[in-house]
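Some notes on the structure that comes next.
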Amino acid sequence: MNQIRLRLSMPGSPLQVGITGGIGAGKSIICRIFSTLRIKQYNADLRARWLMENDEELISMLKSEFGNKTYHGDKLNRDFLAQAVFKNEEQLAKLNELVHPRVGIDYANWLRTNSGEVYVIKEAALLLESGSYKNLDFIVNVYSPFDLRIKRIQKRDPFRSRTEIESIISKQFSDEKRKEMVNDEIVNDESQSIILQVLDLDEKFRSMNL
């Protein structure tokens, strides 16, 4: 892990913290703990879904690239889009090329409205894969053992087969690669306190922006 990272944000602005992790690692529960500390958070995945149904420029680009079946009226046809990109790496890359820049603009606008915070969090599943981590000050990976991740996803998404889950995981960065790219890690293996790990990071982030 890279423990030293240049401070990218301007002095007096919030420290920008990225939280990521593979599917089933437990990013959401970690972010909920941070929310109890009243830390402002930007969920890039939820905002991407919102933008795909409300950003007229993005909607136009998606229809142009994937066809009018991409939408049912004003609603995104998620099943159609998922089928279009799930087994097609080129189409998936194109989707990300269209969506990620719009999320970047949306995040920049959100950050301006929260400029008085000590630190803020950007949560994203593909924070590392998309390259958007490069604009943040500190990156935290949420780690969970492979089999535990599978178990959690099967409980959350019983409609997914183990083969499908493993396919999704294979398209994300490995735990080893994540560890090389981040500044710190929260271990969510149900054997140690994630609350204490979050509190330690909260203290670190506050001290970094004194």
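The values are calculated or read from the model by the stated rules, or taken from the named source; none is laboratory data. All values derive from a computational prediction rather than experimental measurement. No Cβ is skipped: glycine too gets one built from the backbone with ideal geometry, and neighbour counts run over all protein chains shown.
Once segment 151-167 is narrowed to residues that are part of a helix (DSSP H, G or I) and exposed (fewer than 10 other Cβ atoms within 10 Å of the Cβ), the residue that is farthest from the chain's Cα centre (by Cα) is Thr163. Hey, does segment 195-210 have a residue that's more than 17 Å from the chain's Cα centre (by Cα) and part of a loop (DSSP other than H, G, I, E, B)? Among the residues of segment 195-210, at least one is more than 17 Å from the chain's Cα centre (by Cα) and part of a loop (DSSP other than H, G, I, E, B), which makes the answer yes. Counting only residues that are more than 30 Å from Ser60 (Cβ to Cβ) and either without any contact (Cβ under 8 Å) to a residue 40 or more places away in the chain or in a loop (DSSP other than H, G, I, E, B) (or both), segment 132-150 holds 5 of them. Count of segment 39-89 residues, restricted to those that are over 22 Å from the mean Cα position of the chain (by Cα), in a helix (DSSP H, G or I) and either on the phi > 0 side of the Ramachandran plot or of a type in the set (Lys, Arg) (or both), is 2. Can you pull out the residues in segment 29-38 that are free of Cβ contacts under 8 Å to residues at least 40 places away in the same chain and part of a helix (DSSP H, G or I)? Passing the criteria: Arg32, Ser35, Thr36.
Out of all the residues in segment 88-118, which are among the polar types (S, T, N, Q) and closer than 15 Å to Tyr42 by Cα? So that I can check it myself, show each step before the final result.
As a first pass, look at segment 88-118 and keep what is among the polar types (S, T, N, Q): 88, 91, 96, 109, 113-115.
Matches in segment 88-118: Asn109, Thr113, Asn114, Ser115.
Scanning segment 192-210 for residues being of a type in the set (Ser, Thr, Tyr) and either within 16 Å of Cys31 (Cβ to Cβ) or modelled with pLDDT of 95 or more (or both) gives a total of 1. Checking each residue in segment 13-33 for being crowded, with 24+ Cβ neighbours inside 10 Å and of a type in the set (A, V, I, L, M) picks out Val17, Ile19, Ala25. Using the structure shown, decide if Asn109 is at pLDDT 95 or above and either crowded, with 19+ Cβ neighbours inside 10 Å or not hydrophobic (A, V, I, L, M, F, W, C) (or both). So Asn109 fits the description; yes. Can you list residue pairs whose Cβ atoms sit under 9 Å apart, with the first residue in segment 49-72 being over 11 Å from Val99 (Cα atoms) and the second being outside any helix (DSSP H, G or I) and among the hydroxyl-bearing types (Ser, Thr, Tyr)? Count only pairs 6 or more apart in sequence or on different chains. Filtered contacts from segment 49-72: Glu53/Tyr71; Lys63/Tyr71.
Scan segment 181-194 for residues that are surrounded by fewer than 12 Cβ atoms within 10 Å (Cβ to Cβ) and in a helix (DSSP H, G or I) and jot them down. Across segment 181-194, there are no qualifying residues. Taken together, the residues in segment 116-131 that are assigned to a loop (DSSP other than H, G, I, E, B) and under 19 Å from Leu37 (Cβ atoms) amount to 3.
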